[in-house]
1. Please name all residue pairs, on different chains or six or more residues apart, with Cβ atoms under 8 Å, provided the first residue is in the stretch 129-153 and is open to solvent by 60 Å² or more (accessible area, probe 1.4 Å) and the second residue is of a type in the set (Gly, Ala, Ser) and at pLDDT 95 or above.
2. Conditions: (1) part of a helix (DSSP H, G or I); (2) of a type outside the set (S, T, N, Q); (3) open to solvent by 70 Å² or more (accessible area, probe 1.4 Å). Ala43 meets all but one. Number of the miss?
3. Against the conditions (1) touching a strand residue (DSSP E or B) at 6+ places or on another chain (Cβ under 7 Å); (2) surrounded by fewer than 19 Cβ atoms within 10 Å (Cβ to Cβ), where does Gly49 fall short? Just the number, please.
4. What residue, of Glu46, Glu31, Glu2, is free of Cβ contacts under 8 Å to residues at least 24 places away in the same chain, within 15 Å of Asn75 (Cβ to Cβ) and out of contact with any Ser or Thr (no Cβ under 7 Å at 6 or more places or on another chain)?
5. Have a look at Arg161, Arg126 and point out the one that is within 24 Å of Arg33 (Cβ to Cβ) and surrounded by fewer than 19 Cβ atoms within 10 Å (Cβ to Cβ).
6. Only one of Thr96, Thr115, Thr72 is part of a helix (DSSP H, G or I) and of a type in the set (Ser, Thr, Tyr). Can you tell me which?
7. Quick one: Ile87 ticks every box in (1) among the hydrophobic types (A, V, I, L, M, F, W, C); (2) within 25 Å of Val124 (Cα to Cα); (3) in a loop (DSSP other than H, G, I, E, B); (4) modelled with pLDDT of 95 or more except a single one, so which number is it?
8. How about the stretch 58-93: which of its residues are surrounded by fewer than 21 Cβ atoms within 10 Å (Cβ to Cβ), over 14 Å from Ile22 (Cα atoms) and within 13 Å of the chain's Cα centre (by Cα)?
Amino acid sequence: AEVDALIESGVSRFRIGRQADILAYGSTMSEYRNGFPKPCPSAVEELFGAVKKRRDDGRIKVLCIDNANPGTIANFPEESERCIAAIVAALTPGDTMPLGIESFDPAVSAKNNLTVNAEQALDVVRLINRIGGVRRDGIPVLLPGINLIHGLPGETKETFRLNYEALLLMRDEGLLLKR
């Protein structure tokens, strides 16, 4: 109803966001794994199915999303895969799924209670690439965005090297990132 009201007012470009984790949309928050709520794929499929209809009939010209928590994807890969597939089916090409990875340095991750380690982050990037890397009009629909923060407690001179090497590994695997 909110999207329809905005369309009626002349809006045709949408960003479904202002949340920390789009994959938690509709979660009952009744089941957790390592502190992450289990996604509810049917809720995400329903939401993005509805906005996809509006994209398909031309009322939505641009549709993109906001953040996803890499910890959700790492802990619930099957459910997350369904959610991401529903999102990708609805989006317009060229979007980013920002991920708060923050650091690939295990010491920094431990000291700052970060959500995924380097190996899990790589698996998350692979999953998003597999689903979102499909091209429409020659453009990947959805690519992972890696957020790295410099200056976190526990960083050393080694941290930059570890972050750089993780990004090189992704590049060498042919994985795509969009920031």
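The values are calculated or read from the model by the stated rules, or taken from the named source; none is laboratory data. Small disclaimer: the values here were computed from a predicted structure and weren't measured. When we count neighbours, we look across all protein chains shown, and the Cβ atoms used for this are built from the backbone with ideal geometry, even at glycine. In case anyone asks, the SASA skips ligands and DNA or RNA and just uses the protein heavy atoms, side chains included. Shrake-Rupley method; radii C 1.70, N 1.55, O 1.52, S 1.80 Å.
1. Pairs found: Ile139/Gly94; Ile149/Ser103.
2. Condition (3) is where Ala43 drops out.
3. Result: Gly49 fails condition (1) only.
4. Values: Glu46 fails: within 15 Å of Asn75 (Cβ to Cβ); Glu2 fails: within 15 Å of Asn75 (Cβ to Cβ).
Only one candidate qualifies: Glu31.
5. Numbers: Arg161 fails: within 24 Å of Arg33 (Cβ to Cβ).
Arg126 is the lone residue from the list that is within 24 Å of Arg33 (Cβ to Cβ) and surrounded by fewer than 19 Cβ atoms within 10 Å (Cβ to Cβ).
6. Values: Thr96 fails: part of a helix (DSSP H, G or I); Thr115 fails: part of a helix (DSSP H, G or I).
That would be Thr72, the only listed residue that is part of a helix (DSSP H, G or I) and of a type in the set (Ser, Thr, Tyr).
7. (3)
8. Pro77
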